[in-house]
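K.L.:
Let me begin by handing over the structure; questions about it come next.
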Amino acid sequence: MAAIEILGLEKTYMVGFWRKRPKRALQPLHLTVEDGEIFGFLGPNGAGKTTTLKMLMGLVSPTAGTARILGKDWTDPEVKAQIGFLPEQPYFYDYLTAHELLDYYGQLSGVPAKDRKNRVEEVLQRVGLTDIKGIQLRKFSKGMLQRAGIAQAILHSPKLVFLDEPMSGLDPLGRRDVRDLILQLQQEGKTVFFSTHILSDAEALCDRVAIINKGELRGVGAVEELTKSVQGKVEVVWQGTQVPASMKALSAEFHVTGETVRTVISENQQDAAIDVLRRERLRLISIIPLRTSLESYFVEKLQHSQTTAGTSA
Amino acid sequence: MNARIAHIASNTFREAVRDRVLYNLIAFAVLISAAAIFIGQISIEIERLVVINLGLTAVSLFGMVIAIFVGIGLVSKEIEKRTLYTVLSRPVRRWEFIVGKFFGLAGTLVVNTFFMALGVFGALFYVAHRFSGADSSIFIALYFIILQFLIICALALLFSSFSSPLLSAVFAFSLFIIGSFADDLRGFATLAHGLTHWVATGAAYLVPNFSALNVISAVAHQQPISWQLVLQNTLYTLFYTAMALSGAVLVFDRRDLK
C-alpha cells in the first residue's frame, strides 16, 4: 500500500487587491510515496513544497485534485491521528514549557492520559531536549524550538511523518542527530516525507526524491537512478601515452597524464572501447560510471525548467 | 463538550492567565476600593445606588475590553504565529478549534467577573455595612453582563476569522456601542418611513441587543427583574452567540492558512 498518493493536487491563489488575478502556486501534481520510504521533496524557495505540504495537512484547500494518505481519503479525520507534521520554522505557544506543549498536543492527538507523561519524556530525550523542565518556550533557541517541533511530530507514534525543512536552524551536530532520527524512524517502519533544499541531506537519507520548481514536478525517482540518468557516461582510463585512431571515433577529448590516458564516452560505447584497447594491446586500468551528484541533477533540472520557460515565453 | 474542545478551551484559559490578562483585576480592585472610600465619605443615603452603578458598570467595561482585545486575537494571532498549523494537522476539526477558543475566553471572563463581583460586594458591604434581600438581584445583573460577554466574544471571533485585528476591534467596539442603544434604534425604526424604516428595522434586529441585557440601573434602584426577562435574554444570547459562532466557523472553514 502506498503511504501517500497525490492525485493531481493543484493550487491557484487569487492575488491583487482591486483586480484579483490568478497565480498558480502548484501545477497538477501526481506523486506516490511508498510505505516505509524516506522521501525527499526538493526544490528552491518558493517552488511549491510548503504549499503541497499544507494541502496534505488540510491547512490550504486545493483548487483541484485529491490525495490518499495511508490508504484513506486525506480528509478522513482518522488519517490525522496517524500522521505527524513539523512545519517550516515552527513557532509554538511560547508561554508553555516543552512538557506542557507536548502534553497538550498529546491530548489533541488522543494519546491516553496514562501514557502521556512517559511519551513526553521519551520523545524529549529522543530529540536531545533534556534539562529543560520549567523553561518556557519563549526562552528556547531556534535549534531547541526545531527539536521541540520534531518531538511534537513524533509524539503520538505516527505511521507517517511530514517534515518541512527539518534541518533548518540546526547546528552540524543537531543536523546529524536529526538525520539519525529520520533513519531510526524508517527502521521502526515509518514513512518519512520531508522537504528540503539541502541536497546533501536528501542524498544521504532519501530512498527516492522528487524535484519541484515553480510549482511543477521536474523529476522523481531513486537518488541513484536520477543521478545516473543525467548523462549515462563512463570514464575510461588505460596505460600508455597514445590514443588509437579508432578510439577517436568514440570521443573527441583525451587527457594524457604521465603514463595514463583518460577519456569519457557514452555508456553504450564501453564495449567498443574495450575491444579497441584489446586489439591495440593496451592495458585497461578502469571503466567507472560517472555518477553525477544530486546537486548537478538538481541544477540541471532547474536550468532546464528555466530554459523551457524562456522558450515558451 | 468533546474532549478536544475542552483541551483547546483549557489552553486558551491558560494563555490568558499567563499573558497576565487577569492583572486587570488589580486595576479594578484599586478603582473599586477608592470609589468605596470616597463614596462612603460624601454620599448621603445613596451609597448603595452609587456603588452598584459604578461597580457593575466597571465590571461590564473591564470585561468588554478583555473580551474584545483577547477575542480579536484568538484566531488571527494563531494564524500569524503559525501555532495553528500543529493544531489543525492533528485530528482537530476547524469548528472544534473555534468553539474551544470561544469557551476558553468565556471561561476567562467568567473567572474575571467572579473576582470583580467579589470586589463589588466588598465595596457594597463597606459603604452600607450590611446586605439586603434586594442585593440578590445584583447576581442577575452580573449574569446579564456575562451574557453580553458571550455575545461580544462570539462577534470578536467572527470578525477575527476574516479581518485584521485592528478592523476586528473597530467592528466589535462599534457593535457594542450600537447594541447598547438597540432599544433606541428600534424606537427610531418604528417612527421612520419607507426605505429608512426597513433599513433601521433590519439594523435594529441585526445588532446585538445589549440594552435589554443592561439592568444595572434597575438593580441599583431596587426594581424587580422578571424571570421572563432572564429566560428571554438567555435564549436570545444562546441564539445570537450560536449564529455568530456558526458564521465564524463557516468563514474559517474556507480560509487558506498561507
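K.L.:
Please find, among A:Gly84, A:Gly43, the residue that is within 14 Å of chain B (Cβ to nearest Cβ) and buried (at least 17 other Cβ atoms within 10 Å of the Cβ).
P.N.:
Answer to the selection: A:Gly84.
K.L.:
Another question about this same structure. Going residue by residue through the range A:1-9, is there one that turns out to be within 29 Å of A:Leu226 (Cα to Cα), more than 19 Å from the chain's Cα centre (by Cα) and part of a loop (DSSP other than H, G, I, E, B)?
P.N.:
yes
K.L.:
Among the residues of the range A:166-177, what is the count of those that are surrounded by fewer than 22 Cβ atoms within 10 Å (Cβ to Cβ) and either in contact with a Pro (Cβ under 6 Å, 6 or more places away or on another chain) or within 22 Å of A:Ala3 (Cα to Cα) (or both)?
P.N.:
Of the residues in that region, 0 qualify.
K.L.:
With closer than 28 Å to A:Phe162 by Cα, surrounded by fewer than 19 Cβ atoms within 10 Å (Cβ to Cβ), in contact (Cβ under 8 Å) with a residue 24 or more places away in the chain and over 16 Å from the mean Cα position of the chain (by Cα) as the only criterion, which of A:Gly232, A:Gly189 stands out?
P.N.:
A:Gly189
K.L.:
Restricting the range A:8-26 to residues that are exposed (fewer than 15 other Cβ atoms within 10 Å of the Cβ) and not basic (Lys, Arg), which is modelled with the highest pLDDT?
P.N.:
Ranking the qualifying residues of the range A:8-26, first place goes to A:Gly8.
K.L.:
Is one or more of the residues making up the range A:277-286 acidic (Asp, Glu), surrounded by 14 or more Cβ atoms within 10 Å (Cβ to Cβ) and over 27 Å from A:Asp207 (Cα atoms)?
P.N.:
For the range A:277-286, residues acidic (Asp, Glu), surrounded by 14 or more Cβ atoms within 10 Å (Cβ to Cβ) and over 27 Å from A:Asp207 (Cα atoms): present.
K.L.:
Quick one: which residue in A:Leu108, A:Leu102 is without any contact (Cβ under 8 Å) to a residue 24 or more places away in the chain, farther than 21 Å from A:Arg176 by Cβ and either hydroxyl-bearing (Ser, Thr, Tyr) or buried (at least 20 other Cβ atoms within 10 Å of the Cβ) (or both)?
P.N.:
After ruling out the rest, the residue left standing is A:Leu108.
K.L.:
Return only the number of the condition from (1) closer than 20 Å to A:Thr191 by Cα; (2) crowded, with 17+ Cβ neighbours inside 10 Å; (3) facing another protein chain (nearest Cβ under 9 Å) that A:Leu29 does not satisfy.
P.N.:
(3)
K.L.:
For residues in the range A:66-81 being at the interface with another protein chain (Cβ under 9 Å from one of its Cβ atoms) and at pLDDT 90 or above, which is farthest from B:Val17 (Cα to Cα)?
P.N.:
Out of the qualifying residues, it is A:Val79.
K.L.:
In the range B:217-258, which residues are of a type outside the set (A, V, I, L, M), within 14 Å of chain A (Cβ to nearest Cβ) and in a loop (DSSP other than H, G, I, E, B)?
P.N.:
Within the range B:217-258, B:Arg254, B:Arg255, B:Asp256, B:Lys258 qualify.
K.L.:
Anything in the range A:100-125 that is over 20 Å from B:Ala9 (Cβ atoms) and either part of a loop (DSSP other than H, G, I, E, B) or touching a helix residue (DSSP H, G or I) at 6+ places or on another chain (Cβ under 7 Å) (or both)? List them, or say none.
P.N.:
A:Pro112, A:Arg119, A:Val120, A:Val123, A:Leu124
The rows are residues; the columns are (1) touching a residue at least 24 places away in the same chain (Cβ under 8 Å); (2) over 16 Å from the mean Cα position of the chain (by Cα).
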{"residue": "B:Val21", "(1), (2)": "yes, no"}
{"residue": "B:Leu31", "(1), (2)": "yes, yes"}
{"residue": "B:Gln41", "(1), (2)": "no, yes"}
{"residue": "B:Glu45", "(1), (2)": "no, yes"}
{"residue": "B:Ser76", "(1), (2)": "yes, yes"}
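K.L.:
Moving on to the next point. For B:Leu213, indicate whether it is over 27 Å from B:Arg48 (Cβ atoms), away from chain A (no Cβ under 14 Å) and in contact (Cβ under 8 Å) with a residue 12 or more places away in the chain.
P.N.:
Spelling it out, it is not the case that B:Leu213 is over 27 Å from B:Arg48 (Cβ atoms), away from chain A (no Cβ under 14 Å) and in contact (Cβ under 8 Å) with a residue 12 or more places away in the chain.
K.L.:
Ok, one more. Out of A:Leu145, A:Leu163, A:Leu155, I need the residue that is crowded, with 21+ Cβ neighbours inside 10 Å, in contact (Cβ under 8 Å) with a residue 12 or more places away in the chain, within 13 Å of chain B (Cβ to nearest Cβ) and within 26 Å of A:Gly43 (Cβ to Cβ). Which one?
P.N.:
A:Leu163
K.L.:
For the range A:38-88: of the residues being among the β-branched types (Val, Ile, Thr) and part of a helix (DSSP H, G or I), which is farthest from A:Gly221 (Cα to Cα)?
P.N.:
A:Val79
K.L.:
Still on this structure, I have one more. Being of a type in the set (Gly, Ala, Ser) and modelled with pLDDT of 95 or more is the filter here; which residues of the range B:93-138 pass it?
P.N.:
Within the range B:93-138, B:Gly100, B:Gly104, B:Ala106, B:Gly107 meet the criteria.
K.L.:
What are the residue pairs meeting all of these: first residue in the range B:165-193, first residue over 17 Å from B:Asn233 (Cβ atoms), second residue surrounded by fewer than 15 Cβ atoms within 10 Å (Cβ to Cβ) and at pLDDT below 90, Cβ atoms under 7 Å, and 6 or more apart or on different chains?
P.N.:
Correct list of pairs: B:Ala189/B:His197.
K.L.:
Further question: Being more than 23 Å from the chain's Cα centre (by Cα), within 14 Å of another protein chain (Cβ to nearest Cβ) and not in a loop (DSSP other than H, G, I, E, B) is the filter here, so list the residues in the range B:78-134 that pass it.
P.N.:
B:Ile79, B:Glu80, B:Tyr85, B:Thr86, B:Val87, B:Leu88, B:Arg94
K.L.:
Here's another thing I want to ask about it. Could you figure out which of (1) closer than 19 Å to B:Ile68 by Cα; (2) part of a helix (DSSP H, G or I); (3) of a type in the set (Gly, Ala, Ser); (4) in contact with a helix residue (DSSP H, G or I) (Cβ under 7 Å, 6 or more places away or on another chain) isn't true of B:Ser174?
P.N.:
Condition not satisfied by B:Ser174: (4).
K.L.:
Where the second residue is among the aliphatic types (A, V, I, L, M) and modelled with pLDDT under 80 and the first is over 15 Å from A:Leu282 (Cβ atoms) and assigned to a strand (DSSP E or B) and lies in the range A:255-267, which pairs have Cβ atoms under 7 Å and are six or more apart or on separate chains?
P.N.:
Pairs found: A:Val264/A:Leu290.
The values are calculated or read from the model by the stated rules, or taken from the named source; none is laboratory data. Model, not experiment: these values are computed from the prediction. A quick note on method: Cβ atoms are made from the backbone with ideal geometry, for glycine too, and the neighbour counts reach across all protein chains shown.
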